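Reviewing the structure listed below.
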Protein chains: 2
Amino acid sequence: MNSKGVLAAVCGMVMAMPVLMPQAAAQVVEDFKSLSSNQYGEQYPMVNSQRIVRGRILAPAAHEVFLQINGINYPMTKEAEGYWTGDSDPLDEGNHYYGLVIDGATVPDPASLFLYGSGAERTQLEIPAQDEYKYALRDVPHGQIREIYFHSDVTGGLRHIFVYTPPQYDDDLTVRYPVLYLQHGYTENETGWSRQGRCGLIMDNLLADGKCVPFIIVMENGEISHQASGTGFGSLMTAANDLFPKILTQDVIPYIDSHFRTVPDIAHRALAGLSMGGMQTRHISLNYPGYFSQIGIFSGGVISIQDLNGNPEFKKDNKLTFISYGSREVENPRGQAPKETVSALKEAGINAVYYESPLTAHEWQTWRRSLYEFAPLLFR
Amino acid sequence: MNSKGVLAAVCGMVMAMPVLMPQAAAQVVEDFKSLSSNQYGEQYPMVNSQRIVRGRILAPAAHEVFLQINGINYPMTKEAEGYWTGDSDPLDEGNHYYGLVIDGATVPDPASLFLYGSGAERTQLEIPAQDEYKYALRDVPHGQIREIYFHSDVTGGLRHIFVYTPPQYDDDLTVRYPVLYLQHGYTENETGWSRQGRCGLIMDNLLADGKCVPFIIVMENGEISHQASGTGFGSLMTAANDLFPKILTQDVIPYIDSHFRTVPDIAHRALAGLSMGGMQTRHISLNYPGYFSQIGIFSGGVISIQDLNGNPEFKKDNKLTFISYGSREVENPRGQAPKETVSALKEAGINAVYYESPLTAHEWQTWRRSLYEFAPLLFR
């Protein structure tokens with residue numbers, strides 16, 4: 001896939017989407033249960049075994065109400081006592097943003113919990129998945145998600161980051177740990193990986209099951225120029241190409257190495273990201289040698305053979321190149337098929353790994369699964 | 001104030017409130033600015049120098065829209081292109097929950113950021129205050145807010161807590177710190193103190209200005225029976241009187257003492273809370289001797305002279321009893337005036353301190369200010 005293809009794919013996901021028509025209704029199985037993403041005590045929204053969501057809102061004086069999921073407006077019907085209810089099409093497993101449209105006003109559903117995603121804090125649907133054991137909250141030892149502000153010399157202001165430390169971090173104060181720097185996508189922010197991405201729970205579960213070594217995860221906000229200028233994706237990708245790598249290498253890494261018990265060398269430092277964060281990972285790993293020996297690009301392009309051949313330092317330093325996509329993303333024709341690219345990288349001597357998340361698109365379920373596959377390969 | 005009075009006052013605040021009428025409109029000064037609690041890039045809601053809030057929502061097909069703040073419905077007027085706008089009465093300084101009512105549907109405003117409060121995640125208005133320097137985000141050294149899950153032997157499940165560690169916590173791994181256990185109110189949860197309470201920023205600012213000693217803050221969820229049984233305040237206050245103190249003393253304190261560098265003795269352990277958390281503080285400090293030497297009760301009652309006279313252990317152990325209210329709370333007649341009670345406690349030999357937050361009610365601005373006054377008195 002070329003970078004233009006990636007950009008188009010990313011923009012198609014995150015930009016204001018046209019309102020689509022729902023599919024023809026299937027026979028609905030009446031085994032609905034409340035969602036785990038509901039507010040405390042709320043019965044609706046519910047989901048059934050077909051992964052059809054049924055929403056409900058009290059709007060006694062409204063004339064037209066829709067359940068809006070992934071850019072599709074599903075009509076709701078007025079029932080007794082002023083409640084409106086409506087069903088979606090079957091949804092993919094995992095986390096989806098949604099809202100309600102009440103007489104033309106697009107608003108969050110007061111019955112659901114909130115996340116930051118697609119450019120704003122908004123309501124979400126957590127659709128049950130076959131493999132939710134990967135990110136479920138289990139009664140195992142848990143690490144910490146730490147919220148931190150610190151001064152950046154590069155920007156002259158404060159940066160807001162989240163850091164995951166593994167469960168054993170406070171047991172023995174002489175042990176030092178490797179670090180994964182893990183980036184969100186366009187219109188997401190530094191909260192995404194620990195909330196909808198559930199990176200802390202994924203790590204806790206992998207560690208409890210003996211499937212990976214303990215390491216620290218650092219989550220920064222990569223939407224630098226978007227915040228600074230109020231402009232969109234185009235300028236972001238230009239300016240961020242300079243500014244974000246500078247903040248990461250000159251401010252964040254030194255801050256983490258001086259405030260956490262890290263092993264501060266390239267062998268113990270990895271970089272990964274989803275979508276735009278994957279593009280940033282590619283850009284930084286090719287243009288800022290000496291920092292990262294292991295990289296993950298989730299739904300954000302590939303390291304091509306041309307990249308590799310033009311970059312002997314990357315070839316020398318890189319110990320792992322992990323590329324992943326949701327299967328619904330690679331169904332579409334692309335300039336460069338990622339699976340074939342990974343095969344070519346392997347033949348060229350790179351420890352390259354390809355993963356494809358079954359039946360998911362450009363969304364968090366793809367990235368949760370990607371992290372679950374990527375983490376066990378790190379720092380071995 | 002007797003406990004019945006406190007309960008009535010608390011319930012009056014947090015229960016579903018009757019819809020009140022707005023006051024007569026004053027001459028509105030047209031110097032509106034966007035609020036800091038708005039979502040990224042959102043111009044509305046705005047606030048002027050009279051602390052009048054102006055809301056706006058796109059609802060082209062709606063027939064009746066209100067801005068709902070503190071139980072009052074302020075009418076909004078349809079303007080060009082389907083936007084509705086409306087003004088509130090002048091509001092008190094600080095944080096207030098609010099929403100919109102669109103053709104009878106009560107929903108969050110998509111233009112604002114979310115908090116958990118009054119029983120749900122909902123939208124907020126952060127009204128500028130004369131003394132917002134106390135909780136502003138300044139470019140000073142910052143501590144960490146750590147999110148943690150751990151196993152509770154008392155409940156047999158997981159507990160979800162937040163822990164503030166001061167900026168210097170990771171500088172010298174041989175230093176140990178005192179701990180303040182800090183509780184939220186009814187229908188709030190363990191997120192309240194670090195989000196709308198801004199306890200981390202308050203501590204960072206006090207420490208940067210040399211006004212207090214560094215200590216750890218632990219924030220638990222005190223709504224035990226509410227969560228367990230789905231029942232309301234009455235059973236909560238009964239069951240929590242047994243369950244919450246058990247969780248705190250048998251699970252939380254040992255967990256904190258074994259996972260953080262604390263000074264694990266009564267001299268270096270304080271307990272405080274707001275509203276219901278203040279009542280829990282009173283109950284625990286009177287009935288669980290040996291744990292806490294310093295207490296803070298914010299808008300949650302007092303330690304009475306009768307309490308003191310019936311409890312020689314409390315009198316012996318207590319080194320600080322801090323009582324506070326918002327001035328708008330103590331305007332109402334109460335069974336026992338807190339200021340006079342504190343004077344009587346002082347005469348009886350207790351190091352008692354009274355603070356009254358000017359022109360605020362039973363709300364977070366009162367409690368932010370209470371923490372700002374309380375923290376410098378601790379662990380001296």
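Considering region B:24-55, and only residues there that are open to solvent by 40 Å² or more (accessible area, probe 1.4 Å) and within 11 Å of chain A (Cβ to nearest Cβ), the residue that is nearest to A:R122 (Cα to Cα) turns out to be B:Y40. The one condition from (1) surrounded by fewer than 22 Cβ atoms within 10 Å (Cβ to Cβ); (2) within 11 Å of chain B (Cβ to nearest Cβ) that A:V175 does not meet is (2). Check whether at least one residue in region B:123-133 is at the interface with another protein chain (Cβ under 9 Å from one of its Cβ atoms), over 19 Å from A:F162 (Cβ atoms) and in a strand (DSSP E or B), and report yes or no. For region B:123-133, residues at the interface with another protein chain (Cβ under 9 Å from one of its Cβ atoms), over 19 Å from A:F162 (Cβ atoms) and in a strand (DSSP E or B): present.
Which residues, counting only those in region A:192-205, are within 10 Å of the chain's Cα centre (by Cα) and at negative phi? A:G192, A:W193, A:S194, A:R195, A:Q196, A:G197, A:C199 - these are the residues of region A:192-205 that are within 10 Å of the chain's Cα centre (by Cα) and at negative phi. Screening B:H160, B:H151 for residues that are under 21 Å from the mean Cα position of the chain (by Cα) and open to solvent by 10 Å² or more (accessible area, probe 1.4 Å) leaves exactly one candidate, B:H160. Of the strands (runs of 3 or more DSSP E) entirely within region B:264-367, those holding at least 1 residues that are surrounded by fewer than 21 Cβ atoms within 10 Å (Cβ to Cβ) occupy B:320-326, B:352-357.
Whenever a residue of region A:135-152 is within 8 Å of chain B (Cβ to nearest Cβ), its partners that are β-branched (V, I, T), lying with C-beta atoms within less than 6 angstrom and at least six residues away or across chains, give the pairs A:Q144/A:T165; A:Q144/B:I148; A:R146/A:V163; A:E147/B:I145; A:I148/A:I161. Scan region B:15-23 and tell me whether some residue there is within 14 Å of chain A (Cβ to nearest Cβ) and at pLDDT below 95. Taking every residue of region B:15-23 in turn, at least one turns out to be within 14 Å of chain A (Cβ to nearest Cβ) and at pLDDT below 95. Among residues belonging to region A:101-119 that are within 7 Å of chain B (Cβ to nearest Cβ) and closer than 20 Å to B:Y83 by Cα, point out the one that is surrounded by the most Cβ atoms within 10 Å (Cβ to Cβ). Per the stated criteria, the residue is A:I102. Within region A:75-91, the set of residues being under 29 Å from the mean Cα position of the chain (by Cα) and open to solvent by 30 Å² or more (accessible area, probe 1.4 Å) comprises A:D87, A:P90.
Filter region A:58-72 down to the residues that are over 15 Å from A:L125 (Cα atoms) and part of a strand (DSSP E or B), then identify the one that is farthest from the other protein chains (Cβ to nearest Cβ). Can you show your working first?
The first filter runs over region A:58-72 and keeps only residues over 15 Å from A:L125 (Cα atoms), leaving A:58-66.
Narrowing further to those that are part of a strand (DSSP E or B): A:58, A:65-66.
Numbers: A:L58: 6, A:V65: 8, A:F66: 11 Å.
Per the stated criteria, the residue is A:F66.
Cβ-Cβ distances below 8 Å connect the following pairs, each with a first residue in region B:193-213 that is modelled with pLDDT under 95, a second residue that is part of a helix (DSSP H, G or I), and a separation of six or more residues or different chains: B:Q196/B:W364.
Residues that are modelled with pLDDT under 95, open to solvent by 10 Å² or more (accessible area, probe 1.4 Å) and of a type outside the set (D, E, K, R) within region A:234-263 comprise A:G234, A:S235, A:M237, A:T238, A:A239, A:N241, A:L243, listed in sequence order.
With respect to the conditions (1) assigned to a loop (DSSP other than H, G, I, E, B); (2) within 13 Å of the chain's Cα centre (by Cα), A:H96 lacks only one, and its number is (1). Scanning region B:192-216 for residues that are over 14 Å from B:Q144 (Cα atoms) and open to solvent by less than 10 Å² (accessible area, probe 1.4 Å) yields a total of 4.
Among the residues making up region A:73-100, those that are closer than 30 Å to A:S357 by Cβ and either among the hydroxyl-bearing types (S, T, Y) or at the interface with another protein chain (Cβ under 9 Å from one of its Cβ atoms) (or both) are A:Y74, A:S88, A:Y97, A:Y98, A:G99, A:L100.
The values are calculated or read from the model by the stated rules, or taken from the named source; none is laboratory data. Treat the numbers as computed from the prediction; the structure is a model and nothing was measured. No Cβ is skipped: glycine too gets one built from the backbone with ideal geometry, and neighbour counts run over all protein chains shown. We work out accessible area using only protein heavy atoms, side chains counted, and drop any ligands, DNA or RNA first. Shrake-Rupley method; radii C 1.70, N 1.55, O 1.52, S 1.80 Å.
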